[in-house]
1. So how tilted is helix 75-91 from the main axis of the chain? Cα-based, degrees 0 to 90, rounded to 10.
2. What are the lysines whose alpha-carbon lies under 30 Å from the alpha-carbon of Lys73, with same-chain residues fewer than 8 places away excluded?
3. Each residue of region 38-45 in order: what ³J(HN,Hα) in whole Hz does its phi give by Karplus 6.51 cos²θ - 1.76 cosθ + 1.60, θ = phi - 60°, with x for Gly and Pro?
4. For region 1-45 and region 54-115, what is the separation of their Cα centres, given in Å?
5. Would you work out what percent of the accessible area of the chain, with all protein chains in place, is carbon or sulfur (probe 1.4 Å)?
6. Where only protein heavy atoms count, and the probe is 1.4 Å, what is the accessible area per residue for the chain in Å²?
7. Helix 6-17 versus the longest principal axis of the chain: what angle, 0 to 90°, nearest 10, using Cα atoms?
8. Using Cα atoms only, what is the angle between the long axis of helix 108-127 and the major principal axis of the chain, expressed in degrees (0 to 90) to the nearest 10?
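The values are calculated or read from the model by the stated rules, or taken from the named source; none is laboratory data. Because the structure is a prediction, the values reported are computed rather than measured. Every residue, glycine as well, gets a Cβ built from its backbone with ideal geometry; the counts of neighbours run over all protein chains shown. In case anyone asks, the SASA skips ligands and DNA or RNA and just uses the protein heavy atoms, side chains included. Shrake-Rupley method; radii C 1.70, N 1.55, O 1.52, S 1.80 Å.
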Amino acid sequence: NDTQDNERKSQLLYETFFRPPPEDDFVDPNYAYDTPICDFQPITDQQIQRAIERLAPHKVPGPNSISNIVFTKCMILLVPYLSPIFRATFQLNVYPDEWKQPITLLDSMAKILSSCIADDLTYIAEQHNLLPPTHFG
């Protein structure tokens, strides 16, 4: 059955990829989780430096108007200030609302922190064989 109507196509796409939530979303408060495979490690200065080095220096700045080139050219001066801020996001469980945006709209600071976290997650996934062998990219 070919669907020619764009509205119907849109509806079918929505129904296929956005299933309704389960009727019972109960989560057992006594559920026993598996032991974590590793302990959380605070973000290091070296991770921040690597993330800054990967920034495209001439990209359009995010909402805070700070260009990536500022981070790349002033990395040695900025990392000692960024490190405690990034570590505090985890210690205090606070992530600034301004950083909660689609990746293309993120401030450079949020992109740097996201890059550090992505590196950690990739490392953990690879070290503990959490991805199927067919996964790539």
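1. 50 degrees
2. Lys59, Lys100, Lys111
3. Once rounded to whole Hz, the list reads 7, 8, 5, 10, x, 5, 9, 4.
4. Cα centroid to Cα centroid, the span is 28 Å.
5. Numbers: 6340 of 11070 Å².
Its accessible area is 57 percent carbon and sulfur atoms.
6. Accessible surface, normalised per residue, equals 81 Å².
7. Roughly 70 degrees between the two axes.
8. Tilt of helix 108-127: around 70 degrees.
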